[in-house]
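The values are calculated or read from the model by the stated rules, or taken from the named source; none is laboratory data. Keep in mind the model is a prediction, meaning the values are calculated, not measured. All Cβ positions, glycine included, derive from the backbone under ideal geometry; neighbour counts span all protein chains shown. Accessible surface is based on the protein model in full, side chains and every heavy atom, while ligands, DNA and RNA are left aside. Shrake-Rupley method; radii C 1.70, N 1.55, O 1.52, S 1.80 Å.
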2 protein chains.
Amino acid sequence: MEEPPRYKFGPYKIDAREVFHATPLSYAMVNLRPLLPGHVLVCPKREVKRFADLSSDETGDLWVIAKEVGAKLEQYHKASSITFAIQDGPQAGQTVAHVHIHVIPRKKGDFEKNDEIYDAIEVKEKEMKEKLDLDVERKDRSMEEMAHEATEYRALFF
Amino acid sequence: MEEPPRYKFGPYKIDAREVFHATPLSYAMVNLRPLLPGHVLVCPKREVKRFADLSSDETGDLWVIAKEVGAKLEQYHKASSITFAIQDGPQAGQTVAHVHIHVIPRKKGDFEKNDEIYDAIEVKEKEMKEKLDLDVERKDRSMEEMAHEATEYRALFF
């Protein structure tokens, strides 16, 4: 018998190997297609669409985790800034109906125009959704890459 | 004798009339030049540059306030989504060295390309800095406009 998935991201099952940090309320996972090195997602474990659906405890926990993840990945990737963003609802670019914080370590010159990154977030969200819709099983190579990255990040939290 | 300012935003004094919601740790203020109706800023009262400089209590409080502010302003402005973003550090577009969350109610078609808003955030941050540098006293008309807006928003929290 298969075990139930420990993590869900909207309608998608998330393999525990992609997850590198978790609390009782939140988890942090690597990206299927990161925009930049260290671009990860931090999510509440409870599947809610809108940020306002989170309790105060969930909200605090989610952002304390995002803050820690940002600080560790900024240092790990020798970056100097971080973009934190929630696209909260479809008109803000949300395509997966499960609250998630984009945490993106930033460096000088990483994008030619500093905020092209936000266009890119939206495009990648759509790609991710298509990818997940079309290829639920995913490719082993991609999982191995992600698991490897997650293993490196997991070590930052000990 | 002048009273000390109750709110500071980096090096700038913020008039209490611009502030529409506050807790012991955080405050929410209207913008000198909002990008879209309801574009406001939520800040910790303590002046820190980077998000990682906040304590867990400050982090939780800041985001619980931002969540409430977003929900109320989304409804008030008949919007359907919200953009939440922190430009954390200069390479992420931060120009005022005091942590602040951009809370921006979003509607279908408010920007032709959905995420042009992020370019605009950066441009406006620079304009705000220049404006504040060049015109510390500010114009009464602008303050009256801001105070009027803040008064409307303040009523949402009672």
- Matching residues in segment A:69-101 - criterion: being in contact (Cβ under 8 Å) with a residue 60 or more places away in the chain and at the interface with chain B (Cβ under 9 Å from one of its Cβ atoms): A:101
- Which residues, counting only those in segment B:42-68, are among the polar types (S, T, N, Q) and more than 8 Å from chain A (Cβ to nearest Cβ)? B:55
- Task: Return the residue satisfying two criteria in turn: it lies in segment A:35-59 and is without any contact (Cβ under 8 Å) to a residue 40 or more places away in the chain and assigned to a loop (DSSP other than H, G, I, E, B), and of such residues it is least open to solvent (accessible area, probe 1.4 Å).
- Result: A:55
- residue A:99 being aliphatic (A, V, I, L, M), surrounded by 20 or more Cβ atoms within 10 Å (Cβ to Cβ), at pLDDT 95 or above and assigned to a loop (DSSP other than H, G, I, E, B): yes
- Item | Complete set of residues in segment B:70-87 that are closer than 17 Å to residue A:121 by Cα and touching an Asp or Glu at 6+ places or on another chain (Cβ under 9 Å) | B:81, B:82, B:83, B:84, B:87
- Item | Those residues of segment B:31-65 which are more than 21 Å from residue A:82 (Cα to Cα) and polar (S, T, N, Q), in sequence order | B:31
